[in-house]
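Q: Okay, handing you the structure first.
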Amino acid sequence: MRILLAIVLAFISTAALADSAGERRPGRTPTATEVLGDLYTFSRFQQGLLESTDLKGNAEVKNLAALRAEEAAKRDKGLKQIQEAIGSEPRAAKTTPASASLVEPETSDGPTFVKSFYAAQIPEYESVIDLLERYLKAPDNAALAAFAREQLPMLRSQVKDAERTMADK
């Protein structure tokens, strides 16, 4: 049953991100403005995890969510500099709050919430990794390309950690 729950949560998370991507097709090289917007959306997702864990998480997930929110804030500072250099505003993407992807406290027995916390992250990470990899195939901004190359190893490591932790729970 928990595996089914994780699959459903992953599907919901992926569907929400697909909706925010609009008419984008996988495989198409995104523009710098699109990448900026989607990275800001990913940051909002990570900050939403922190808000959700403040309400119902245990110390493990609260600490990890705080770390991810801090990393998102740092990433946003770097993105802001690139955005200003490009001179464009990233589009405002629709997002589903991270808390919507997580098990509600009434249905959570502790371990279920922890699993859903990690399960919600995996499709988000995979999507942003795919976005950066597609962008790097034909980048239209050198500073953003360098930023993407710097972020990819960290993001890959974090998604692997989430997958391992979820499997262990």
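Q: What are the pairs, 6+ residues apart or on separate chains, where a residue within segment 70-86 that is in contact (Cβ under 8 Å) with a residue 40 or more places away in the chain has its Cβ under 9 Å from a residue that is surrounded by fewer than 13 Cβ atoms within 10 Å (Cβ to Cβ) and not in a helix (DSSP H, G or I)?
A: Pairs that qualify, where the first residue is in contact (Cβ under 8 Å) with a residue 40 or more places away in the chain and the partner is surrounded by fewer than 13 Cβ atoms within 10 Å (Cβ to Cβ) and not in a helix (DSSP H, G or I), are Q83/E89.
Q: Just wondering, is there one or more residues in segment 124-140 that are among the small types (G, A, S), more than 14 Å from R68 (Cα to Cα) and touching a Leu at 6+ places or on another chain (Cβ under 9 Å)?
A: The answer is yes, given that some residue of segment 124-140 is among the small types (G, A, S), more than 14 Å from R68 (Cα to Cα) and touching a Leu at 6+ places or on another chain (Cβ under 9 Å).
Q: Next up: Filtering segment 95-116 down to residues that are modelled with pLDDT under 50 and not polar (S, T, N, Q), which residue is farthest from S43 (Cα to Cα)?
A: So, considering only residues that are modelled with pLDDT under 50 and not polar (S, T, N, Q), the one farthest from S43 (Cα to Cα) is E106.
Q: Within the set of pairs 6 or more residues apart or between chains, which connect a residue that is of a type in the set (S, T, Y) inside segment 106-118 to a residue that is at pLDDT below 70 and assigned to a helix (DSSP H, G or I) with Cβ atoms less than 8 Å apart?
A: From residues that are of a type in the set (S, T, Y), the pairs are T112/R2; T112/L5; S116/L5; S116/A6; S116/L9; S116/S101.
Q: Okay, next question. Kindly provide the set of residues from segment 127-169 that are over 28 Å from A85 (Cβ atoms) and not β-branched (V, I, T), ordered by number.
A: Within segment 127-169, K160, D161, A162, E163, R164, M166, A167, D168, K169 qualify.
Q: Just need a number here: residues in segment 127-169 that are among the acidic types (D, E) and either crowded, with 18+ Cβ neighbours inside 10 Å or not in a helix (DSSP H, G or I) (or both).
A: Final tally of qualifying residues: 1.
The values are calculated or read from the model by the stated rules, or taken from the named source; none is laboratory data. Here the structure is a predicted model, which means the values were calculated and not measured. Positions of Cβ are generated from backbone atoms using ideal geometry, with glycine treated the same way; all protein chains shown enter the neighbour counts.
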